[in-house]
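Trainee: Structure in structure tokens, see below.
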Amino acid sequence: MNHKAFKLTLPILFGYIPLGMAFGVLFATQLDYAWWVAPLMGLVIYAGAGQILAVSLLAANAGLLEVAIAMLVLNARHLFYGLSLLGQFRGAGWRKAYLIFGLTDETYSLLTSRPRSDNRSQEQHLDFRITVLNQLYWIAGCTLGAVLGEAVAFNSTGIEFALVALFIVLTIEQLKALGDSFPVWAGAAAAGLAIMLVPATHQLVAGIVIVTTVLLIHYRKHRSNVLAGDVSRG
Amino acid sequence: MVESYYLAAFIAVSALATFATRVVPFLFFEKHTDHPLVKHIGRFLPAAVMALLATVFLQRSSGWQGQLPGADALIPAFLVIAIHLWRRNALLSIAAGTITYMAIQQTGLLQGAL
């Protein structure tokens, strides 16, 4: 099962090491703190965009209330992620808190896309391993970046495209599993709207609010169709 | 000393705020796991979010200034789609797309001449 978890998370390894390093290098070059604070942040905060924002907030000596608000707004998209995993995490015991803590974009993507058997506890073990591996990759990246600092000779330019490619692959997998292309078009269109209308830092949350609203409308139509079907059959 | 208190408080606040956004659905919707609306959103949202993330990050990883705007990321993206539809091997599709993207970025292939 370890082998399976490793194989599933391999694309995340290629994405998280360079992104974690990008954070680490930024941390080491912009701030005067000890290097180990960077992996510590990867351990207890564990949010890519959040930690990069944290560097500029730390550099500006931002007030704690400001920090809390900035983090809440930036991570607001996660408010919706749990909805897809309510059933799957049920009864996961002590692992559940960690599974929720580790729910980054990439982990959410893997956990909601992979095929599942009926053995829920076995699947939760695998979910747990996936989440742990992903966070280890992230912490490793943060450490490397912070220790090497400016000494990093980046000829791995562009390797972070692995995450874009992962999202594309998972979109195709979702499409095949669902047999319905509507949410995919809705998601892409919501992204297009958000890119055109709002600044980069708010695009993800704006897109998710738009697409969730669309899915609510979709639900009402879906439901009235089902009800109409029941009536005509009855 | 004051400095390290600030840093500790800063990290604690950031960690709590981030965890808060992730835990909220589990706190408020746990009882409604079987409600048809929650099931509907839970079923369709992942596909929508995946397409959204793919679109947003694809747009960010491409340059829109050259003579073929966006081609530096769109070409590897189409390669990922084609190879994935052909072989349906996630690692192969991702590796092919990433290597192509890296080659384009590092050689500056699509920047001037085209």
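The values are calculated or read from the model by the stated rules, or taken from the named source; none is laboratory data. Fair warning: this is a prediction, and the values are worked out from it, not measured in the lab. Note that each Cβ is placed from the backbone with ideal geometry, even for glycine, and that neighbours are counted across all protein chains shown. With ligands, DNA and RNA removed, areas are computed over all heavy atoms of the protein, side chains included. Shrake-Rupley method; radii C 1.70, N 1.55, O 1.52, S 1.80 Å.
Trainee: Per DSSP helix of 4 or more residues, -39500 (n - 2.57); summed, then divided by the residues of the protein assembly as shown. What does that give at 222 nm, rounded to the nearest 500?
Mentor: Value at 222 nm, helices only: -25500 deg cm²/dmol.
Trainee: If you count, for every residue in A:25-35, the Cβ atoms of partner chains within 10 Å of its Cβ, what is the mean?
Mentor: Mean number of neighbouring Cβ atoms from other chains: 1.
Trainee: Which of A:Ala194, A:Ala140, A:Ala62 ends up with the largest GNM mean-square fluctuation for chain A, with Cα atoms connected below 10 Å?
Mentor: Highest fluctuation of the listed residues: A:Ala62.
Trainee: So, one more: Can you work out the base-10 log of I(q)/I(0) for the stretch A:180-234 at q = 0.18 1/Å, using the Debye formula on its C-alpha atoms alone?
Mentor: So the normalised log intensities work out to -0.63.
Trainee: Quantify how strongly other chains surround peptide B:30-43 by giving the mean number of their Cβ atoms within 10 Å of each of its Cβ atoms.
Mentor: 5
Trainee: Provide the solvent-accessible area of A:Arg116, counting protein heavy atoms only and rolling a 1.4 Å probe, rounded to the nearest 10 Å².
Mentor: Rounded to the nearest 10, the figure is 80 Å².
Trainee: Using a 1.4 angstrom probe with every protein chain in place, what is the largest-first accessible-area order of B:Asp72, B:Asp34? Could the numbers behind the result be given before it?
Mentor: Numbers: B:Asp72 25, B:Asp34 105 Å².
So the residues, ranked largest to smallest area, are B:Asp34, B:Asp72.
Trainee: Could you check the simple spin-label distance between B:Arg88 and B:Lys31, using points 7 Å along Cα→Cβ, in nm with one decimal?
Mentor: Going by the 7 Å Cα→Cβ label model, 4.2 nm.
Trainee: What percent of all Cα-Cα pairs in the stretch A:56-148 falls into each 10 Å bin, going from 0 up to the bin containing the maximum distance?
Mentor: 14, 37, 31, 15, 3, 0
Trainee: Which one, A:Ala162, A:Gln30, B:Leu45, projects farthest toward the positive side of the charge dipole computed for the protein assembly as shown from Cβ point charges (K/R +1, D/E -1)?
Mentor: Of the options given, the answer is B:Leu45.
Trainee: Taking only Cα atoms, what is the 0 to 90° angle, nearest 10, from helix B:2-29's long axis to the longest principal axis of chain B?
Mentor: For B:2-29 against chain B, the angle is about 90 degrees.
Trainee: Sticking with this structure for a sec: Positive end of the dipole of the protein assembly as shown, charges at C-beta (+1 Lys, Arg; -1 Asp, Glu), about the Cα centre: which of A:Ile139, A:Leu8, A:Ser84 has its Cα farthest in that direction?
Mentor: Working it through, the farthest residue towards the positive pole turns out to be A:Ser84.
Trainee: What number, in percent, do you get for the relative contact order of chain B if the mean sequence gap of Cα pairs under 8 Å and at least 6 apart is divided by its residue count? Kindly include the intermediate steps, with their values, before the conclusion.
Mentor: Working: 55 pairs, mean separation 19.4, N = 114.
Relative contact order of chain B: 17 percent.
Trainee: Using a 10 angstrom cutoff on alpha carbons, build the Gaussian network for chain A and name the most mobile of A:Asp32, A:Asp127, A:Asp105.
Mentor: A:Asp32
Trainee: Could you name the lysines whose alpha carbon sits less than 22 Å from that of A:Lys221, not counting residues in the same chain fewer than 8 places away?
Mentor: Qualifying lysines at Cα under 22 Å: B:Lys39.
Trainee: Something else now. How high is the relative contact order of chain A, in percent, with contacts defined as C-alpha pairs under 8 Å that are six or more residues apart?
Mentor: This gives 35 percent for chain A.
Trainee: In whole angstrom, how far apart do the alpha carbon centroids of the stretch B:9-74 and the stretch A:164-217 sit?
Mentor: 9
Trainee: Given just the C-alpha atoms of the stretch A:2-178, how large is their convex hull per residue in cubic angstrom?
Mentor: 126
Trainee: Out of the stretch B:15-57, which trypsin sites (Lys or Arg not before Pro) are coil in DSSP terms and have no more than 13 other C-beta atoms within 10 Å?
Mentor: Values: sites: B:Arg22, B:Lys31, B:Lys39, B:Arg43; in loops: none.
Nothing satisfies the criteria.
Trainee: If I take the Cα coordinates of chain B and project them onto the principal axes, what are the three extents in Å, biggest first?
Mentor: 55, 52, 25
Trainee: Could you point to the residue in B:Ala96, A:Ala228, A:Ile210 farthest towards the positive end of the protein assembly as shown's charge dipole, with +1 and -1 charges on the Cβ of Lys/Arg and Asp/Glu respectively?
Mentor: Result: A:Ala228, furthest along the dipole toward the positive end.
Trainee: Also, I was wondering about something else. With θ taken as phi - 60° and the coefficients 6.51, -1.76 and 1.60, list the Karplus ³J(HN,Hα) couplings across the stretch A:163-177 in order, rounded to whole Hz; mark glycine and proline as x.
Mentor: 6, 4, 4, 4, 5, 5, 4, 5, 4, 4, 5, 4, 4, 5, 5
Trainee: Let me ask something additional. Highest GNM mean-square fluctuation, chain B, Cα pairs closer than 10 Å: which of B:Leu58, B:Leu45, B:Leu85?
Mentor: Result for chain B, Cα springs under 10 Å: B:Leu85 fluctuates most.
Trainee: Can you give me the pair-distance distribution of the protein assembly as shown, C-alpha pairs, 10 Å bins, whole percents?
Mentor: Percent of Cα pairs in each bin: 5, 23, 34, 25, 10, 2, 1, 0.
Trainee: Assign unit charges at the C-beta atoms only (+1 for Lys and Arg, -1 for Asp and Glu), then state the dipole size of the stretch A:114-234 relative to its Cα centre in Debye, rounded to the nearest 20.
Mentor: It works out to roughly 500 debye.
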